[in-house]
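Participant: The structure's right below; bear with me while I get my questions together.
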Amino acid sequence: MTVIRDGDGGNTADRHRRPAGVDDTTVEATGKLSEALEITERARGHLYAFHQLTGGADLALGRAAELLRKAGHDRFAERITTELLGRNVLEGRWTFQIVEEYDDGYYESFRRIERDTREELLQGCRHVYEAEMKETRRTRGRPGHEAGPQ
């Protein structure tokens with residue numbers, strides 16, 4: 001892809017330009033790999049939400065046990081305290097341990113592979129597929145369709 005200067009507010013940034021000699025299938029494949037990483041980023045966000053929500057629930061459980069005990073319902077308070085409060089969500093693990101294991105294993109491997117692939121095949125350029133799609137879909141000369149920021 002060549003840099004297009006069309007007088008409507010910029011050009012396609014060099015960091016998004018297809019390196020010389022890179023074929024369409026490689027651009028599409030690396031775009032799909034980046035898309036998969038973006039989906040994984042969303043999944044990671046949900047994992048962190050799970051971590052925070054579970055921690056919040058555990059704190060609320062503690063307060064519920066206190067209130068049940070204060071109201072004279074010791075049997076229920078004791079059950080919450082001994083069976084649920086501070087319990088592992090998976091064998092041997094609280095949610096922070098799950099998050100750390102995910103981050104240090106699968107997530108870090110995924111990021112490294114995506115980065116290494118882009119570095120070798122696209123000279124480190126990011127979002128080449130999307131940048132080329134933008135160039136084919138935008139209407140040159142129309143407000144809101146500029147190639148880049150002014």
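Participant: From the list ALA13, ALA36, exactly one residue is closer than 30 Å to ARG138 by Cα, of a type in the set (A, V, I, L, M, F, W, C) and at pLDDT below 95. Which is it?
Facilitator: The unique qualifying residue is ALA13.
Participant: Being of a type outside the set (Val, Ile, Thr) and on the phi > 0 side of the Ramachandran plot, is that true of even one residue in the range 118-125?
Facilitator: The answer is yes, given that some residue of the range 118-125 is of a type outside the set (Val, Ile, Thr) and on the phi > 0 side of the Ramachandran plot.
Participant: Need the failing condition index for ARG69 against (1) over 38 Å from the mean Cα position of the chain (by Cα); (2) exposed (fewer than 13 other Cβ atoms within 10 Å of the Cβ), just the number.
Facilitator: Result: ARG69 passes all but (2).
Participant: Kindly list, by first and then second residue, each pair from a residue in the range 73-98 that is within 30 Å of ARG44 (Cα to Cα) and modelled with pLDDT of 95 or more to a residue that is among the polar types (S, T, N, Q) and outside any loop (DSSP other than H, G, I, E, B), limited to pairs with Cβ atoms under 9 Å and residues at least 6 apart or on different chains.
Facilitator: Every condition considered, the pairs that remain are ASN88/GLN97; VAL89/THR54; VAL89/THR95; LEU90/GLN97; TRP94/THR54; THR95/GLN52; THR95/THR54.
Participant: Applying the selection to the range 113-150, what residues are aliphatic (A, V, I, L, M) and either farther than 14 Å from ASP24 by Cα or in contact with a Ser or Thr (Cβ under 8 Å, 6 or more places away or on another chain) (or both)?
Facilitator: Once the filter is applied, which keeps residues that are aliphatic (A, V, I, L, M) and either farther than 14 Å from ASP24 by Cα or in contact with a Ser or Thr (Cβ under 8 Å, 6 or more places away or on another chain) (or both), the range 113-150 yields ILE113, LEU121, LEU122, VAL128, ALA131, ALA147.
Participant: Which of (1) part of a helix (DSSP H, G or I); (2) exposed (fewer than 11 other Cβ atoms within 10 Å of the Cβ) is the odd one out, the single condition GLY55 does not satisfy?
Facilitator: Single failed check for GLY55: (2).
Participant: Being under 15 Å from LEU84 (Cα atoms) and without any contact (Cβ under 8 Å) to a residue 24 or more places away in the chain is the filter here; which residues of the range 54-69 pass it?
Facilitator: GLY56, ALA57, LEU59, ALA60, GLY62, ARG63, ALA64, ALA65, GLU66, LEU68
Participant: Does the range 74-101 hold any residues that are part of a strand (DSSP E or B) and more than 18 Å from LEU53 (Cα to Cα), and which are they? Show your work before the answer.
Facilitator: Here is the first cut: in the range 74-101, the residues part of a strand (DSSP E or B) are 90, 93.
Once the filter is applied, which keeps residues that are part of a strand (DSSP E or B) and more than 18 Å from LEU53 (Cα to Cα), the range 74-101 yields nothing.
Participant: Across the range 101-147, what is the number of residues that are surrounded by 12 or more Cβ atoms within 10 Å (Cβ to Cβ) and not charged (D, E, K, R)?
Facilitator: Here is the first cut: in the range 101-147, the ones surrounded by 12 or more Cβ atoms within 10 Å (Cβ to Cβ) are 101-103, 106-107, 110-111, 113-115, 117-118, 121-123, 125-135, 138, 140, 145-147.
Then keep just the ones that are not charged (D, E, K, R); that gives 102, 106-107, 110, 113, 117, 121-123, 125, 127-129, 131, 133, 145, 147.
Counting residues in the range 101-147 that are surrounded by 12 or more Cβ atoms within 10 Å (Cβ to Cβ) and not charged (D, E, K, R) gives 17.
Participant: When ARG115 is evaluated against the numbered criteria (1) in contact (Cβ under 8 Å) with a residue 40 or more places away in the chain; (2) touching a Gly at 6+ places or on another chain (Cβ under 9 Å); (3) not hydroxyl-bearing (Ser, Thr, Tyr), which criterion, by number, is the only one it fails?
Facilitator: (1) is the only condition that ARG115 fails.
The values are calculated or read from the model by the stated rules, or taken from the named source; none is laboratory data. Everything numeric in this text was worked out from a predicted model, so none of it was measured. Please note: Cβ atoms are built from the backbone with ideal geometry, for glycine as well, and neighbour counts cover all protein chains shown.
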